[in-house]
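For reference, the structure discussed in these notes is given below.
Every read-out reported here was derived from the displayed coordinates using simple, explicitly stated rules and does not represent laboratory data. Remember, it's a predicted structure, so these values are computed and weren't measured experimentally. Cβ sites come from the backbone with ideal geometry, for glycine too, and all protein chains shown count toward neighbours.
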Amino acid sequence: MSREEIREKLNQVFIDLFDDESIVLSDETTANDIEDWDSLEHINLIIAIEQEFNIKFNMNEVTTMKNVGEMIDIIASRLGA
Amino acid sequence: MDVLEYPFDSNYLILNRKRLRKELLSKDYGLICKIAILGGSTTSEVKNVLELFLLNEGIKPEFYESEYNQFYEDAMFGNESLESFKPDIIYIHTTMRNLHHFPSIEDTEDEVQEKFAEELKTYENIWESLKRFNAPIIQNNFELPPYRLLGNKDFSDYHGRVNYINRLNNAFSEAARKISGLYIADINYVASCYGLDCWFNEATYCLYKYAMDMKAIPYLAFNLAHLIKAIYGKNKKALVVDLDNTLWGGVIGDDGVTGIRIGSDTPGGEVFYHFQQYLLEESKMGNILLVNSKNDEDIALEGLNHPSSLLRPDDFTLIKANWNAKSENIKEMAETLDLGADSFVFIDDNPAERKEVKDRIAGIAAPNIMNPEDYIRIIDHNGYFEVLNLTEEDLKKKDVYRSNAERKKMMSSSLSYTDYLKDLHMHATIKPFEDIYLDRITQLTNKSNQFNLTTKRYTLEQISALSNNDNYLCIYGKLSDIFGDNGLISVIIGKIKNNELHIELWLMSCRVLKRNMEHAMLDELISLAKKKNLEYIYGYYYPTNKNKMVMNFYDDMGFTPLESDDNHKTYILEVNKYENKNNIIEVN
C-alpha cells in the first residue's frame with residue numbers, strides 16, 4: 001500500500017470517528033487541527049486505525065507520534081511497504 | 001438498533017459512536033435519567049458507550065462524572081456540582097485496580113483479615129454516605145487479577161489475590177442482600193466472559209488509566225445498561241418462539257413428528273433439548289412463553305406433545321400456529337394479554353421472519369440467534385430479563401396472563417358487560433402502603449405508562465420514605481376474581497396540604513382495565529381523606545406519548561376541571577359531595 005493509499009484510508013477513519021466529513025489530512029496535521037481530537041479521543045483513534053489496517057501499535061509509538069505523517073510512516077513500516 | 005444488540009462489534013461502536021449518537025438523539029425521549037459516575041479509573045468512554053445503550057432502550061441519560069479516581073472523596077465528602085446534580089442513579093465504577101490492601105506474602109492470617117476488613121469498610125462507608133441521595137446505587141464487584149503469584153494456590157491460600165477478591169465479592173453480595181437499593185454490577189462475570197487476558201490491557205491502563213481494554217468497555221457498559229433499564233421497569237416480559245428449527249430440529253410439516261430432532265439421545269436433539277430447558281427456567285422466573293409458528297395448529301401441537309419434548313402445550317400461555325404474518329400474530333397476542341408488543345422477545349431462526357416482525361413492531365427485540373448452539377448465550381447476554389428484586393408478583397405472572405385470556409373468553413359469553421363483571425366475583429384489597437409491597441409498588445411506578453396520570457417515577461428509597469410520611473396519603477390496590485389473583489395493580493400517592501389532597505400519582509396496570517377498579521380506588525381514597533378531615537382532592541393530568549387513554553379520566557370520575565394548557569390539566573373534587581361509585585367489587 002502506498003503512502004497515498006494509506007492516507008486515503010486513514011482520512012476515512014478520521015471522518016467516521018469524528019463524524020466530520022470536512023476533515024482532510026496532510027502529513028502536517030496534528031491534534032491541534034481537529035477540534036475533537038483530544039487525549040480522550042486519541043485512544044479511540046488508535047483502536048480504529050489498528051482495526052482498519054489490522055496492525056498493533058506499541059505503547060511507545062502511541063505516545064510519540066507527533067503528526068499524521070509520522071502515523072503514516074509507522075503504518076507503512078508495519079505493512080512492510 | 002441492531003448494532004447495539006449482542007453480539008455487537010466493539011470496533012464498529014468505537015468508530016461510529018458519534019454518528020450513532022446523533023441518530024439516536026434525533027428521537028424523542030420521555031424518560032430522562034441523571035446518572036452520577038463515581039470512578040476509580042478513567043470513565044469517559046464508559047459514559048460514552050453507556051449513553052448509546054441507554055438511548056437505545058429509550059432512556060436519555062444526563063451524566064455527572066467524578067474527577068479522575070475521586071469516587072471515594074465524592075461519595076464521602078461530596079462537592080457542589082454532585083450535590084446540585086441530584087442523581088437518579090449512582091454508579092461506582094471501581095475495579096481490581098482500586099484495591100489497596102492486597103495481602104503480602106509475609107502477612108499472618110490476622111493481618112490479612114485486618115486488611116480485608118479495612119478494604120470492605122471503604123465501600124461500606126461509601127454506600128452509607130451515598131444514602132443522602134435517596135438513589136439506587138450500582139456498585140461494580142471486582143474482576144479476578146491478571147496474574148497469580150501463588151499459581152493455583154492463589155485461590156485457596158489467604159495470601160492469594162484470587163482468594164482475597166473472591167472473599168470481597170462474597171461480602172459485596174451479602175451487602176446487596178441487606179442494603180435495599182444497592183445493586184452489584186457483576187463485572188467479574190463480564191470480564192470472565194470476555195476473557196481476562198483480553199480484559200486487561202497494561203498499555204491502556206498506563207497511558208490512559210482505563211481499567212480495562214477499550215474493546216471490553218462496550219461489554220461493561222451493556223451489562224450496566226441492563227441494570228439501569230430494569231430499574232426503570234423496561235425489562236421484557238415474554239418470549240415468543242417459533243417451532244421448526246427453533247424449538248426442535250427439522251420441519252414438522254415435512255419430516256413428520258417422528259422426523260423432528262428433539263431429546264437428549266442425539267447431539268442434534270440435545271442442543272434443542274437444552275434450549276427448551278432454558279426456556280422452561282425462564283418461564284419459572286415469571287417470563288411468559290408464547291408460540292408463533294407457521295404450521296397447522298394440530299401439527300404444531302403434535303410436536304409439542306412429542307415424548308421427548310420438554311416443553312408441553314401447557315407451558316405456553318398462548319399458541320398461535322397458523323399461516324398469518326408473524327407480526328399479526330404477535331399483535332393479537334399482545335392484545336389478548338394486555339401487554340405492549342414492545343415487551344416481547346421474538347425468537348426465530350429465520351432472518352426473514354425476524355425482519356418482518358421488527359419492521360412492523362416498534363421496540364420488539366428479535367435477536368440474531370445464529371445457530372442452535374448459540375441460542376441460549378445470545379438471549380442470555382442480551383439481558384432482556386434482568387432481575388432486580390424477585391417479587392411474588394413476578395413468579396405468579398404466568399398464571400395472571402393465562403387467566404386474562406380465560407376472562408376474555410367468558411366476556412364473549414356474558415349477556416352484558418355488567419353481567420360479565422358481576423360474574424367475575426371480584427375482590428379488592430385497598431389499603432395504605434405496607435412494607436412487604438414497597439418493591440412491587442416501586443416497580444409499578446417505573447413501568448406503568450398507559451394508565452398513569454402523571455408518569456412520575458419513584459425509587460424504592462423514595463417510596464419507602466413516602467409510606468412513613470404523615471403528609472402523604474398513599475394507597476395500593478390488589479384485585480382477584482374467580483380466574484385468579486391479579487396481585488397489586490394500582491397505586492395512588494397524594495400529598496396533604498392543609499385541607500387539600502394533591503394526587504401526585506395515580507396509576508393502574510392495564511391488565512385490570514375496565515373492571516371498575518378505579519372506582520373502588522377513589523371510593524377508598526375519599527373515605528380515608530374524610531378521616532383526615534380533608535375537604536378537596538386535586539387531580540393532575542400530564543400528557544405523554546403513551547397515556548392518552550386517561551386524558552379525560554378525571555372528567556369521567558366526576559372531577560371539575562380548573563385550568564389546563566398543553567402541558568397539564570388540573571381538576572378539583574369536593575370530598576363532601578362525593579358519592580361512592582363502586583358497587584361491583586367487594587372491597588377489603
Subject >> 15 Å reach of a label modelled at residue B:209, 7 Å along Cα-to-Cβ, counting backbone N of the stretch B:64-89 >> reply: B:65-74
Subject >> Relative frequency of Cα-Cα separations exceeding 51 Å in the protein assembly as shown, percent >> reply: 20
Subject >> Sparse-neighbourhood loop sites, GluC sites (Glu not before Pro) in the stretch B:106-187 - DSSP loop, at most 16 other Cβ within 10 angstrom >> reply: B:106
Original post:
Expressed as a fraction of 2.2 N^0.38 Å, the rule-of-thumb size for a compact globular protein of N residues, what is the C-alpha radius of gyration of the stretch B:168-212?
Top reply: 1.48
Original post:
Cα gyration tensor of the stretch B:375-433, axes a ≥ b ≥ c as square roots of the eigenvalues: rounded (a/c below 1.5), prolate (a/b > b/c) or oblate?
Top reply: oblate
**OP:** Calculate the radius of gyration of the Cα atoms of the stretch B:238-381 to one decimal place, then report Dmax, the largest Cα-Cα distance, as a whole number, both in Å.
**Re:** 13.9, 40
Original post:
Using the Cβ atoms and a cut-off under 11 Å, what net charge is assigned to the surroundings of residue B:220, where Lys and Arg are +1 and Asp and Glu are -1?
Top reply: -3
**OP:** Quantify how strongly other chains surround peptide A:41-50 by giving the mean number of their Cβ atoms within 10 Å of each of its Cβ atoms.
**Re:** 5
Subject >> Between the stretch A:46-81 and the stretch B:75-112, the Cα center-to-center distance that results, in Å >> reply: 36
Original post:
In chain B, which longest range has no chymotrypsin sites (Phe, Trp or Tyr not before Pro) that are both DSSP loop (not H, G, I, E or B) and surrounded by at most 12 other Cβ atoms within 10 Å?
Top reply: B:324-588
Original post:
Calculated from DSSP H runs of 4 or more alone, at -39500 (n - 2.57) each and per residue, what is the 222 nm mean residue ellipticity of chain B, nearest 500?
Top reply: -12500 deg cm²/dmol
Original post:
Where does the Debye-calculated log10 I(q)/I(0) of chain B sit at q = 0.07, 0.12, 0.13 Å⁻¹, using only Cα point scatterers of equal weight, no solvent?
Top reply: -0.50, -1.31, -1.42
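Once a ≥ b ≥ c are taken as the square roots of the eigenvalues of the Cα gyration tensor of the stretch B:378-504, is the result rounded (a/c under 1.5), prolate (a/b larger than b/c) or oblate (a/b not larger than b/c)? Let's see the in-between values first.
Working: a/c = 2.26, a/b = 1.24, b/c = 1.82.
Oblate shape, in that a/c is at least 1.5 and b/c is the bigger or equal ratio.
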**OP:** Within the set of other residues whose C-beta is less than 12 Å from the C-beta of residue B:21, count the net charge using Lys and Arg as +1 and Asp and Glu as -1.
**Re:** +4
Original post:
Tally Lys and Arg at +1 and Asp and Glu at -1 over the other residues with C-beta under 9 Å from the C-beta of residue B:344: what net charge comes out?
Top reply: +1
Original post:
Quick one: length gained pulling residue B:80 to residue B:456 fully straight, 0.36 nm per residue minus the C-alpha distance?
Top reply: 132.7 nm
**OP:** Could you work out how far the C-alpha centroid of the stretch B:251-291 sits from that of the stretch B:433-479, in angstrom?
**Re:** 40
**OP:** Run through every distinct alpha carbon pair of the stretch B:181-274 and return the Kirkwood hydrodynamic radius in angstroms, one decimal place.
**Re:** 17.2
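Which whole DSSP H helices in chain B pass both tests: a Cα extent of 20 Å or more along the axis and a mean Kyte-Doolittle value no lower than 1.0? Working shown, then result.
Numbers: long enough: B:10-25 (21 Å, -0.65); B:109-130 (32 Å, -1.16); B:161-178 (26 Å, -0.91); B:217-231 (21 Å, 1.31); B:267-284 (26 Å, -0.72); B:392-413 (32 Å, -1.80); B:517-531 (22 Å, 0.07).
The answer, listed by residue number, is B:217-231.
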Original post:
Check residue B:184: other-chain or 5+ apart residues with amide H under 5 Å from its amide H, H built from backbone geometry?
Top reply: B:139
**OP:** Extending each Cα 7 Å along its Cβ direction at residue B:192 and residue B:535, get the distance between those two points in nm, one decimal.
**Re:** 6.5
Subject >> Shielding by partners - mean other protein chain Cβ count within 10 Å, residues of B:119-129 >> reply: 0
Subject >> Approximate spin-label separation residue B:498-residue A:20, in nm, with each point projected 7 Å along Cα-to-Cβ >> reply: 5.9
Subject >> All Cα pairs of the stretch B:403-587, percent lying beyond 30 Å >> reply: 16
